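Reviewing the structure listed below.
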Amino acid sequence: MSRLDSQETTPLLASREQDETLPYTAPRATRQPSGCCAVKARRPSTSTDDLDACYLADQRWEYKTIALCCALLLAVGSHFAGHTLGALKNTVKQEFGISNSQYGVIQSSVAIVNTVLPVLGGIFVDAFGTLPGSILTTFLIAFGNILVALSTSYRNLPMMICGRVLYGIGSGTVVIVQETILSQWFRGRSFAAVVSLMLTVSRLSSFMAQATVVPIADSFGFYGSAFYFSAALCTFSFVVNLAYIGLLRQVVDVPGASVACRKQVEVIKRKKSFRWSKLLFLPHSYWLIAAMEFLLGGAWGCFLHINSELVKLRFNYSNANAAATASVAQILPVILMPLLGVCADRYGKRTWMMIGSGVAMLLSMLMLGYTYLPPMLGMLVFSVSLSLGPVGLVSSVPVILPMSLIGTGMGAIKVATNIGAVMFDIFAGVLQDRDAQKGYDGVIVFFIVLSLLAVACGVVLWALDRRLYHGILDRSSRDAHRETKLANAIPLKQSRSNWVYGGIYVSLMVLSWALFFHFVLFAS
């Protein structure tokens, strides 16, 4: 095995596992050529996007500000559309004459394509660049939501499902496009800051959707007007994307690339190389994180799709008051996510964030299902879970995986979230249909079980991390990096248990597709 291969499978710190390992040769220090940034060279035969990434980060702040605004607005329509349907669940069921199970199919039609798309979308963006990727994704999002809006006028359920699927294809890739664009324009700490801002804007869009779609529908006297408004926002995002392309035509002119830039491009190209055998080196801790993402991520999405009707039925709220109360579930992440990102970077405690997220969700379900406290309190506790979990889960992946596996690891975790979303949306609909009162008693119990399983996975992850990985997940980013520099790191081990983990992962993916098509064809 080459030295490069061994370096690509080296983790951030030593592991005490004694499984089969790859041969490892410590990387030799290389001298950086002095003044490389000032040396000009002919343009190498690399992709335009790679050269642009070296060039765009050095643009004036005026251009970078415009690029940031464009990148943030690319997905505003997508996130707004993602929560339009949930706020109008009861109305949609009545207008289309469908059951809760069929409603679950409509919701899961967005997630079903994203059980495979995050990985394929990343490959597409890498292969064809951010411009074709952004055009395709924003077009699919806009066109899909136009079909959804039209379906409300014609009461055409197949048209709505088709539109949701197209929207799902675009929404599954738009975040990848956003992150890629931001990585081209910003570096270092500024990149972390703008990514946190991106997450905040996304959550704010979702919050605004739940808070405003019912008033929009009431003001026009037709529930479909909320979907037309959502389609208009998605079209606006497409127009913003065209404006971003115009910006690039104004500022992107790469007469040559520096030596440093060429070396950066070579690293990017090397990182894009992929072999399936690398998946055998994923550590046990990664699969526990994926399991928590499956449990918590799927449960978060499912709950946000039904929480408005839950409040309406259990607490006898009007549609408008129920939607406004349900929107509180997404308010704290807008404020806390940037702060939690800083805390994770400086202080670590990632496993505690994951465990705390599971506990917060458990408490919120108990409050909403078994007490008559104001539902807004339960939604606030749920929003604590929605703040802690994503930060702890996502920030853990780069800590435990080598650079050559981070992209694949992040994509697989997004897939796990969508597998859970598909299955849980359908399960929730079935449980509600089987309830004598068509209520949410069984659904609440289901969420409580998911929360307990997530907490159990978090505790196991905490113990495993302390025993095998020296508590790396609970260290600050600086300490983790110092450990990498100072410790005699043992490379990741090739473990046969990854075949078992992978088999479970693929089985759940197949099950999600089977459930989806079963209820598309046979649900009544």
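The values are calculated or read from the model by the stated rules, or taken from the named source; none is laboratory data. In this text the structure is predicted, and so the values were computed from the model without any measurement. A quick note on method: Cβ atoms are made from the backbone with ideal geometry, for glycine too, and the neighbour counts reach across all protein chains shown. Ligands, DNA and RNA are excluded from the accessible area calculation, which covers all protein heavy atoms including side chains. Shrake-Rupley method; radii C 1.70, N 1.55, O 1.52, S 1.80 Å.
Figures for the structure shown
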item	result
Qualifying positions in segment 429-443 - open to solvent by 10 Å² or more (accessible area, probe 1.4 Å) and assigned to a helix (DSSP H, G or I)	Val430, Leu431, Asp433, Arg434, Asp441, Gly442
Criterion (open to solvent by 30 Å² or more (accessible area, probe 1.4 Å), within 30 Å of Ser476 (Cα to Cα) and touching a Gly at 6+ places or on another chain (Cβ under 8 Å)) met by exactly one of Ser395, Ser385, Ser364, Ser357	Ser395
Some residue of segment 407-426 being in contact with a helix residue (DSSP H, G or I) (Cβ under 7 Å, 6 or more places away or on another chain), closer than 22 Å to Ile335 by Cα and either buried (at least 20 other Cβ atoms within 10 Å of the Cβ) or among the β-branched types (Val, Ile, Thr) (or both)	no
Matching residues in segment 385-402 - criterion: being touching an Asp or Glu at 6+ places or on another chain (Cβ under 7 Å) and modelled with pLDDT under 85	Pro402
Long-range neighbours under 7 Å by Cβ, at least six apart or interchain, first residue more than 22 Å from Val510 (Cβ to Cβ) within segment 422-446, second aromatic (Phe, Trp, Tyr) and part of a loop (DSSP other than H, G, I, E, B)	Gln432/Tyr440
Condition met for Ala320 (open to solvent by 10 Å² or more (accessible area, probe 1.4 Å) and either under 20 Å from the mean Cα position of the chain (by Cα) or touching a residue at least 12 places away in the same chain (Cβ under 8 Å) (or both))	yes
Test for Ala514: is it under 30 Å from Ile98 (Cβ atoms), over 22 Å from the mean Cα position of the chain (by Cα), at pLDDT 75 or above and of a type in the set (Gly, Ala, Ser)	yes
Matching helices (runs of 4 or more DSSP H) fully within segment 43-148 where at least 1 residues are at negative phi and at pLDDT 80 or above	61-73, 76-82, 84-87, 89-96, 100-112
